[in-house]
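Read-outs throughout are calculated quantities, based only on the coordinates presented, and are distinct from any laboratory measurement. Since the structure is predicted, the reported quantities are computational estimates derived from the model, not experimental observations. Cβ sites come from the backbone with ideal geometry, for glycine too, and all protein chains shown count toward neighbours.
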Amino acid sequence: MTKFFCAIIFINLLILNINQSFSQNKDILINFINPKKEFVTDKIELSATIKSNEKVDITSTIAEKIQEILFVEGVAVKKDKILVILNNFEETAILKQFEAELKEAEINYQRALSLSKKGNISQSVLDNRLTEKIRLTGKVDEIKAKINDLVLKAPFDGTIGLRNYSVGAFIKPGDVITTIYDFNTLKVEASVPEAYVDKIKIKDTVKIKLNSSDVVYSGEVYVIDPYVDEKTRTFRIISKIENKKELKPGMMARKILNLDSKESILVPESAIIPIDNQTFIYVIGDENIIKKVQVFTGKRLDGKVEIKKGLKLSDKIVFEGVNKLKAGIKVKIK
C-alpha cells in the first residue's frame, strides 16, 4: 500500500513539473534582431622586422695599416665625410715625384711648342715632348687613384656604427672597419603567404606596431618580391616608414594590411552557439517557435561575427539568453 501511494505522489510531481515547464516555456520573453549587411575588410597581420633604409660596411680594397680614424661611433655624418685614412706615405712620396716630373715635362713641352712655331725644332721632338707629358699625367692620375682608395669616405648621410679596428691595425680587403646606416627612413620587411600573391599591391597602406608598444606607425608597400620561396611558400614585401626615436633596426614588429572590402552579413557574437565543430543560431520561426539553424562563419571583429552561409536578412535572430532556449519551444517577443 505504501508503495502504491509513493508511486501516485511521484506521478503527480512529474505532471506538476511538466506543467510548470510548459508554463515557463510559454512565458519566455525574448528580443530579436535581423541580420545586417556591413562592409568587412579582409585584414592580414604579419610578423615583420625593422631594417635600416641603407646599410654599408666600410671596408678597404687594399691590404694596408690604418693611419687615421676620423669618426666617432654612433654619430651622424654627412656624405663624403672622410672616415678612415690608410697608410699612404709611399704613395704620397711617389705622387710628389711624378708631379715634379710632370711639371718639368709641361715646361719642356711649352718650350718645344714655342720653338716649333718659329721653325727652330722638328715635329718629332715636339711629339716626343707631348708624349712624355701625357705619360706623366697618366702616372699622376694613377697614383691619385691609389691614394683615393686609401681614403675611406661616407657613401651617404647616415649614422656610424661600432668600430672594429684601431689606428695601426693591419686590414685586408673585405675587413669591415665599421658600418654606416641610414636611419631617417626605415624598411619593414615581412613574409606573406602565397595565397595573398594577387591581393597586395604597390602603395598599399600598412600599419606597423611594435611588439612592445601599442603605438601605430603608417607606411606603404614599395617592394613586392616576385619570387615565392619554394620551402616556406611565402614571398617578401617591404614597406617604408619615417623613423621615430623609439624605432631601431632589428626590432620585431607586426605589419597590418587592409585588403579588399566586401559586404557581408554580421550578427552579434552572443548569438553564436558552437557545438563540436559546427555553429548554430537560434531563429524565431512561424508561430514564434524556436528553430536551430546551422550557419557557416567567417571573420570575427568588434563583437560581431561574419556569416557566410545559413541566414537571410529577414531572419529573426535571438541574441540574448540563448543558453536558456532549445529548439521547438514557443516564446513571446518583448
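Here are the numbers for the structure shown:
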{"quantity": "Elements of type strands (runs of 3 or more DSSP E) in region 116-198, at least 3 residues being among the polar types (S, T, N, Q)", "calculated": "176-193"}
{"quantity": "Count - residues of region 315-334 that are more than 17 Å from Asn31 (Cβ to Cβ) and either among the charged types (D, E, K, R) or exposed (fewer than 13 other Cβ atoms within 10 Å of the Cβ) (or both)", "calculated": "2"}
{"quantity": "Residue in region 173-190 that is surrounded by fewer than 15 Cβ atoms within 10 Å (Cβ to Cβ) and of a type in the set (D, E, K, R) present", "calculated": "no"}
{"quantity": "From the options Ser264, Ser218, Ser239, residue that is more than 18 Å from Thr185 (Cβ to Cβ) and among the small types (Gly, Ala, Ser)", "calculated": "Ser264"}
{"quantity": "Meets criteria (over 30 Å from Leu70 (Cβ atoms), free of Cβ contacts under 8 Å to residues at least 40 places away in the same chain and part of a strand (DSSP E or B)) for Val221", "calculated": "yes"}
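So that you can scan it fast, the table gives a plain yes or no per residue for (1) more than 21 Å from Lys172 (Cα to Cα); (2) within 47 Å of the chain's Cα centre (by Cα); (3) loosely packed, with under 15 Cβ neighbours inside 10 Å:
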| position | (1), (2), (3) |
| --- | --- |
| Val84 | no, yes, no |
| Leu95 | yes, no, no |
| Glu104 | yes, no, yes |
| Asn120 | yes, no, yes |
| Lys133 | yes, no, no |
| Lys139 | yes, no, no |
